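Everything on this sheet refers to the single structure shown next.
The values are calculated or read from the model by the stated rules, or taken from the named source; none is laboratory data. Note that this is a predicted model, so its numbers are computed, not measured. When we count neighbours, we look across all protein chains shown, and the Cβ atoms used for this are built from the backbone with ideal geometry, even at glycine. Heads up: the accessible areas ignore ligands, DNA and RNA and are worked out on the full protein's heavy atoms, side chains in. Shrake-Rupley method; radii C 1.70, N 1.55, O 1.52, S 1.80 Å.
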Amino acid sequence: MPGPIGLEKERNHAAIWMTSLLIAGALVGLAYLMFASFEHDSWFPSEWRRFLNRNEVEAFGGGGLALWILITMLMYAFGAFSRPARDTSGWGSGPDEASSQPRKLGRSTKGQTNLPGASAVPMKEGRWPTIDVVMRRERRACTGDLVLTDRRFFFICYRDESMAKSTGGRAVASQFGIIGAIIHALVAGPGQKRKKQQTNELRHEFAALSLEEQVNRNQYSLSLLPGDIKSFSSSTLSGTRFETADQKYQFTSIDKSSFPAIKSWCDQQGIENKGLG
């Protein structure tokens, strides 16, 4: 029972190279300004001053070029300006015309209902749309899978951590723009890779269990009847969430390419939904 398959990414190459050029140019300009301000101070080595004055173009121009390439490589390595690849061409293109047209429900060879728009969503146990998410539960960031069956709604939690630990680094990095994001990626990258590996190991371990047994392995997992869910929605202001009679469940991470499958499931189950397509 394989876990969700990673989607291929497409990158905005022009944005990557232009942004890295602006960052490199700003840093070189700052370095030159500092040199011009402090070259005559007593603490500034005279050998450096003479060398830089004789080789301004080589030192600052060559250094800027090397920095530009380095920043660009880092942005490619950490997926800056990337998104899941789509069939449509162009960075800003919207959904294709065919995907916006209503489609009829079909039947699979096993007699299970095929959800429109669910073909790009990995399947669990060979049947059900499975969506990799991070859900907020009781001040915990819970990483796991949504599994949409024709009888129940499952959230299988594999790993949880405090919301402060999960979002703190990104919040600090956001205060420093793209430079902060690059520094955060360099510092947090190894830890994120380790967490992803741990999640995949648990997903593989859970594969031998039924969905009901998987739910029992973690206190933050969920098993709900479709009738328990009042609405499922996504918006810029409130994010993506679903509501039951007494609680709201917020997603801190969810791939928007999974929205058509969620909408189809909600429509099939008679659940109010908006902002999903």
Please go through the stretch 218-255 and pick out each residue that is of a type outside the set (Ser, Thr, Tyr), over 16 Å from Leu148 (Cα atoms) and not in a strand (DSSP E or B). Asn218, Gln219, Leu237, Ala245, Asp246, Gln247
Across the stretch 142-156, which residue is surrounded by the most Cβ atoms within 10 Å (Cβ to Cβ) among those that are in contact with a helix residue (DSSP H, G or I) (Cβ under 9 Å, 6 or more places away or on another chain) and under 15 Å from Gln198 (Cα atoms)? Gly144
Residue that is most open to solvent (accessible area, probe 1.4 Å) [pool: residues in the stretch 60-79 that are out of contact with any Phe, Trp or Tyr (no Cβ under 7 Å at 6 or more places or on another chain) and of a type in the set (Val, Ile, Thr)]: Ile69
Please determine whether any residue of the stretch 116-127 is at pLDDT 80 or above, open to solvent by 10 Å² or more (accessible area, probe 1.4 Å) and part of a loop (DSSP other than H, G, I, E, B). no
Tabulated pairs, the stretch 60-81, first within 26 Å of Lys193 (Cα to Cα), second of a type in the set (D, E, K, R) and open to solvent by 40 Å² or more (accessible area, probe 1.4 Å), C-beta under 6 angstrom, 6+ apart or interchain: Phe81/Arg11
Can you tell me which of (1) open to solvent by 90 Å² or more (accessible area, probe 1.4 Å); (2) touching a Lys or Arg at 6+ places or on another chain (Cβ under 9 Å); (3) at pLDDT 95 or above is the one Lys248 doesn't meet? (3)
